[in-house]
Amino acid sequence: MRAGLTQFRPVKEDCLCLAAGAALPFAFAPYGFSSLGILCPAILFWVWMRSPGARASWRGWLFGVGMFGVGVSWVVHSFQYNHIPLFMAVSLTALFVAFLALFPALLGFLVVRFRAPRDTWQLLVLLPVGWVLAEWARGTLFTGFSWLQIGYSQVDTPLAGWAPLGGVYAMNWALALTSGVIVWFMASSKIRWWKSVALLLALWGGGALMGTIAWSLPTGVSLRVALVQGNIAQDVKWRPEYKDSTLNLYRSLTAENWDADLVIWPETALPGVYEEMGKFLDGLGKEARANHTDLLLGIPSVQAFPRRLFNSVVSIGTNRAVYHKRHLVPFGEYLPLKPIFQPLVDFFGLPVSNFNRGSEHVNTLEVSGQLVGVSICYEATFGADIIKALPGATLLVNVSNDAWFGDSKAPHQHLEMARLRARETGRYLLRATNTGVSAIIDFTGRVTERSQQFETEVVEGVVMPMHGATPYVRYGNIPILVTLLGLLAVYMALARSANENRRAERSKESGHG
């Protein structure tokens, strides 16, 4: 009987890792159970400390399957809007989830492979550092996928105070270290409780203290803004018979808000390309200038020679200028590694857009007397992309078409990430989306005005352009990555020395015997 229970325990721990991973997405918007961002990694850390090599990797993969299977299940909606059959959409999503789960699986393997004699080193150094480096790798390799990095779940907690210093990766580290401290405390509470409390106070109290620092200051002017949410369903957005009604809708909603200094339309708000809508845009620009208003709108654009397609934002009014999206969505906006994937795309008949990357040298537009850092949809999930416009930009604008996500968790998760971009940079961020959630976010990451989803409405408010630079704006991710790699190097040296001493002692004892 005892042998049977012993054999059953590993399976229970496997299931525990899967369940912990599946629970973690509830730490993020729209649920907001932020404590799960601490508890779920702590459970995985505890199990890893008890796991042999192969089992640790398997349990990391199970955790990832649960985490991404629940957290990014909305990818199915995106595939279906591309007219991909449900069975194929589910299969492609499952493959995507299985791939993402490889990152915690690899971390589990490495944790056991480089295990040190002392649990303290693993729980306070190796596991938190490894967790953040794994998230950095996931957010960087193959153009990156930064969704569900655990720091985003803490945008409303004291840990958000670390964002202006080291971005989301500093928050990831503080959160993973919190999980490690909790497991360390649970392992031997009588000895370590005061050390655990001191570490937690340093992490959370330090974050609260950093959150009181004014990293940026108002320029002294204010702007009235209006974010136009047209709520055009994705399945009719590009149909020719709806073109005139879409144009009339946006024009009429804008006409009601010509008293604003800046009006913003969402990503690809116009159902056509920039070069073919000259007459409409010229008339719109004339109205904007007559009302002393500037307008930013999303529209695809085409370069004739050589022919290239861009996902763009155009400024209409005082100045006519264009920003082209630089960080494209692989398989959604372009096809990576064409020699490998093109035959598969052709065989299955999968629709893939053919957008080109914009220039790295154009990252701001001048509107309403301000330099504005513009990003399109997916770009708002990468802090390193946003800070390229700073410290020059006094205001951030993100336009998006979250209709691709349907009525899922993704639009709320997307808004949560945009909120952290505002906190990292000390800038107001204006987010205009097609179907919601459109929002005005202040320089602390707080949403001051927002729309409802799937409603046609205009979000109005007053914003303050800001100047100054947070440490994250000045140095980006480099300081936090250098710090983590330095800690990892120290850990590896200590672990190697300790293991060598241990082997020497065993050899000595064996020889003596």
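Data for the structure
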| read-out | value |
| --- | --- |
| Verdict on L110 being closer than 30 Å to A160 by Cβ, modelled with pLDDT of 95 or more and either part of a helix (DSSP H, G or I) or over 26 Å from the mean Cα position of the chain (by Cα) (or both) | no |
| Search result, residues across the range 135-154 that are in a helix (DSSP H, G or I) and surrounded by fewer than 23 Cβ atoms within 10 Å (Cβ to Cβ) | W136, A137, R138, L141, F142, T143 |
| Tally of residues being closer than 18 Å to E333 by Cα, modelled with pLDDT of 95 or more and not aliphatic (A, V, I, L, M) across the range 355-376 | 1 |
| Residues located in the range 191-213, provided they are without any contact (Cβ under 8 Å) to a residue 40 or more places away in the chain and small (G, A, S) | S196, A198, A202 |
| All positions within the range 433-486 that are hydroxyl-bearing (S, T, Y) and closer than 17 Å to P164 by Cα | T444, T470, Y472, Y475, T483 |
| Only listed residue being open to solvent by 20 Å² or more (accessible area, probe 1.4 Å), part of a helix (DSSP H, G or I) and either in contact (Cβ under 8 Å) with a residue 60 or more places away in the chain or in contact with a Pro (Cβ under 7 Å, 6 or more places away or on another chain) (or both), chosen from S73, S78 | S78 |
| Candidate set: the range 223-242, residues that are basic (K, R) and surrounded by 15 or more Cβ atoms within 10 Å (Cβ to Cβ); chosen: the one nearest to G298 (Cα to Cα) | K237 |
| Some residue of the range 464-471 being under 20 Å from the mean Cα position of the chain (by Cα), in contact (Cβ under 8 Å) with a residue 24 or more places away in the chain, buried (at least 16 other Cβ atoms within 10 Å of the Cβ) and on the phi > 0 side of the Ramachandran plot | no |
| All positions within the range 251-282 that are out of contact with any helix residue (DSSP H, G or I) (no Cβ under 9 Å at 6 or more places or on another chain), outside any loop (DSSP other than H, G, I, E, B) and either over 18 Å from V462 (Cβ atoms) or open to solvent by 50 Å² or more (accessible area, probe 1.4 Å) (or both) | S252, L253, E275, E276, G278, K279, D282 |
| Enumerated strands (runs of 3 or more DSSP E) restricted to the range 403-512, each holding at least 1 residues that are under 20 Å from D385 (Cα atoms) | 429-433, 439-441 |
| Members of the range 365-377 that are touching a helix residue (DSSP H, G or I) at 6+ places or on another chain (Cβ under 9 Å) and open to solvent by less than 40 Å² (accessible area, probe 1.4 Å) | V372, G373, V374, S375, C377 |
| Residues of the range 313-346 satisfying the condition of being on the phi > 0 side of the Ramachandran plot and either modelled with pLDDT of 75 or more or basic (K, R) (or both) | G317, F331 |
| The listed residue being open to solvent by less than 80 Å² (accessible area, probe 1.4 Å), without any contact (Cβ under 8 Å) to a residue 60 or more places away in the chain and aliphatic (A, V, I, L, M), out of A29, A42, A54, A94 | A94 |
| Some residue of the range 46-67 being of a type in the set (S, T, N, Q) and more than 20 Å from R113 (Cα to Cα) | no |
| When residues of the range 197-222 are limited to those that are closer than 14 Å to V181 by Cβ and either in contact with an Asp or Glu (Cβ under 9 Å, 6 or more places away or on another chain) or not small (G, A, S) (or both), the one least open to solvent (accessible area, probe 1.4 Å) | L203 |
| Any pair with Cβ under 7 angstrom, 6 or more apart, that starts in the range 146-168 at a residue that is without any contact (Cβ under 8 Å) to a residue 60 or more places away in the chain and ends at one that is in a loop (DSSP other than H, G, I, E, B) | Q149/G139; P158/G211; G161/G211 |
| Members of the range 155-188 found to be assigned to a helix (DSSP H, G or I), open to solvent by 50 Å² or more (accessible area, probe 1.4 Å) and either under 30 Å from G445 (Cα atoms) or out of contact with any Lys or Arg (no Cβ under 9 Å at 6 or more places or on another chain) (or both), listed by number | P158, W162, L165, W173, I182, M186, A187 |
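To keep it simple, each residue is scored yes or no on (1) open to solvent by less than 10 Å² (accessible area, probe 1.4 Å); (2) within 18 Å of W265 (Cβ to Cβ); (3) without any contact (Cβ under 8 Å) to a residue 24 or more places away in the chain.
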residue	(1), (2), (3)
S400	yes, yes, no
W404	no, yes, no
K409	no, no, no
E416	no, no, no
T425	yes, no, no
R431	yes, yes, no
V437	yes, yes, no
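The values are calculated or read from the model by the stated rules, or taken from the named source; none is laboratory data. Keep in mind the model is a prediction, meaning the values are calculated, not measured. Ideal geometry is used to build each Cβ from the backbone, glycine not excepted, and the neighbour counts take in all protein chains shown. Protein only, heavy atoms only, side chains kept; ligands, DNA and RNA dropped before computing areas. Shrake-Rupley method; radii C 1.70, N 1.55, O 1.52, S 1.80 Å.
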